[in-house]
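This report refers to the structure that appears directly beneath it.
The values are calculated or read from the model by the stated rules, or taken from the named source; none is laboratory data. A quick note: this is a predicted structure, and the numbers were derived from the prediction, not measured. Neighbour counts run over all protein chains shown; Cβ positions are idealised from the backbone, glycine included.
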Amino acid sequence: MLPVRLLFGVAMIDAPRPIVTEIPILPDAMVSIRTHIPEDAMSAGLLGTERAGHGVRIREDGLIATIGYVINEAEKIWITTSEGVVVPGFVVGSDFESGLGLVKPTMSLTGPAMKVGSSSFLRVNDPVTILGSGSENKMTAANVVAKQEFAGRWEYVLDEALFTAPPHENWSGAALIDKNGNLCGIGSLVIQGFEAHSSSETVNMFVPIDLLTPIIDEICERGQRLAPARPWMGVLVHDGDESLTVVGVYRNCPADKAGLQPGDVVLRVNEEPVSTLANMFRRVWSLGSAGVEIPITVLRDSERCETVIESADRTAFMRKGTLQ
């Protein structure tokens, strides 16, 4: 599986014992997804060229939901059913705001679709099941340990992500299922040292399926949501204890053209101080849609530097992948 991990500290303890319940599960709705990404793709250096994850069939027509980083910029996609049948697939579309993506097989496959539920009904401590696919389809009984904001250094913020423990060892695209057997989230990350229940533990982070439900038809028709794209800078930022430090700049992307460098400490966006990743990215997005100018102040070698980033739509810099 794709080794995407976030490390927040090192202290770890045993996760709370899950509550065991009889949950109606549809393992045949799960598929395995393998993808090949060209070496010159923008995300290849960070995420690799060979990726793998799970997918969840959410419609009878074969539509599959998965985590976006598995399929973004893919030139080849293989979908494997629970019966071991392997067929080529294609990208239906991706949503970079939620981080979710949709794929379909090139031919009809037998099997059920999982009922799509809502994470809004989940509460902290609720029992859930995490389900994978293929030889990795073991069901992990878990509990919701938190529902809270999550910010990723790749210009990504979720208002309310879902965090569960103990973690599933193969989380990418795994299904988060509630006590009624409904799909509530798609697996994204594993986080070590997550603070919950006044202790530190290893958890999975899931993207709520609610973020996808209202825009599924838009993505199926256009490959993306209808709303204007958010401004994108092409930068990776680490949220330290007291600073926001640039740790990566995509070559020939807006931040690179504006002169940002790894090691720069971000102080202000549009002349307003920023102190957290979520605060910084939301400030950028509040300025308008893709193409808007972003005034930014950084600290470099003990000197304040000001520049203006001409933002863009990130999809303009990404390979289109395998489309039907």
Identify, from the list Val284, Val292, Val274, the residue that is over 30 Å from Pro88 (Cα atoms) and touching a Leu at 6+ places or on another chain (Cβ under 9 Å). Val274
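Does Val235 qualify as being closer than 17 Å to Arg314 by Cβ and in contact (Cβ under 8 Å) with a residue 40 or more places away in the chain?
Working: closer than 17 Å to Arg314 by Cβ: yes; in contact (Cβ under 8 Å) with a residue 40 or more places away in the chain: yes.
It is true that Val235 is closer than 17 Å to Arg314 by Cβ and in contact (Cβ under 8 Å) with a residue 40 or more places away in the chain.
What number of residues within the stretch 150-172 satisfy the criterion of being of a type in the set (Val, Ile, Thr) and either within 14 Å of the chain's Cα centre (by Cα) or farther than 21 Å from His54 by Cα (or both)?
1
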So, Glu218, is that one in contact with a Lys or Arg (Cβ under 6 Å, 6 or more places away or on another chain), outside any strand (DSSP E or B) and free of Cβ contacts under 8 Å to residues at least 24 places away in the same chain or not? yes
Counting only residues in the stretch 76-113 that are of a type in the set (D, E, K, R) and more than 20 Å from Pro27 (Cα to Cα), the one farthest from the chain's Cα centre (by Cα) is identified as Lys76
Of the residues Gln224, Gln192, only one is part of a loop (DSSP other than H, G, I, E, B), surrounded by 13 or more Cβ atoms within 10 Å (Cβ to Cβ) and at pLDDT below 95; which? Gln224
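So that you can scan it fast, the table gives a plain yes or no per residue for (1) outside any loop (DSSP other than H, G, I, E, B); (2) modelled with pLDDT under 95; (3) not assigned by TED's automatic domain parsing to the domain that holds Ser188:
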| position | (1), (2), (3) |
| --- | --- |
| Val10 | no, yes, no |
| Ser32 | yes, no, yes |
| Gly55 | yes, no, yes |
| Val70 | yes, no, yes |
| Glu83 | no, yes, yes |
| Leu102 | yes, no, yes |
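Just checking, does the stretch 82-96 include any residue being of a type in the set (Gly, Ala, Ser), in contact with a Ser or Thr (Cβ under 6 Å, 6 or more places away or on another chain) and within 30 Å of Phe281 (Cβ to Cβ)?
First, the residues of the stretch 82-96 that are of a type in the set (Gly, Ala, Ser): 82, 84, 89, 93-94.
Those still in the list that are in contact with a Ser or Thr (Cβ under 6 Å, 6 or more places away or on another chain) too: none.
No, that holds for no residue.
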Testing Val207 on (1) assigned by TED's automatic domain parsing to the domain that holds Val190; (2) out of contact with any helix residue (DSSP H, G or I) (no Cβ under 8 Å at 6 or more places or on another chain); (3) farther than 16 Å from Glu155 by Cα, one condition comes back false. Which one is that? (3)
Would you mind telling me which numbered condition in (1) more than 25 Å from Val235 (Cα to Cα); (2) touching a residue at least 40 places away in the same chain (Cβ under 8 Å); (3) touching a Ser or Thr at 6+ places or on another chain (Cβ under 7 Å) Val144 fails? (2)
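Mind listing whichever residues of the stretch 268-279 are outside any loop (DSSP other than H, G, I, E, B) and either of a type in the set (D, E, K, R) or buried (at least 19 other Cβ atoms within 10 Å of the Cβ) (or both)? Quick ask: steps written out before the conclusion?
First, the residues of the stretch 268-279 that are outside any loop (DSSP other than H, G, I, E, B): 268-269, 272-273, 277-279.
Hits for the stretch 268-279 are Arg268, Val269, Glu272, Leu277.
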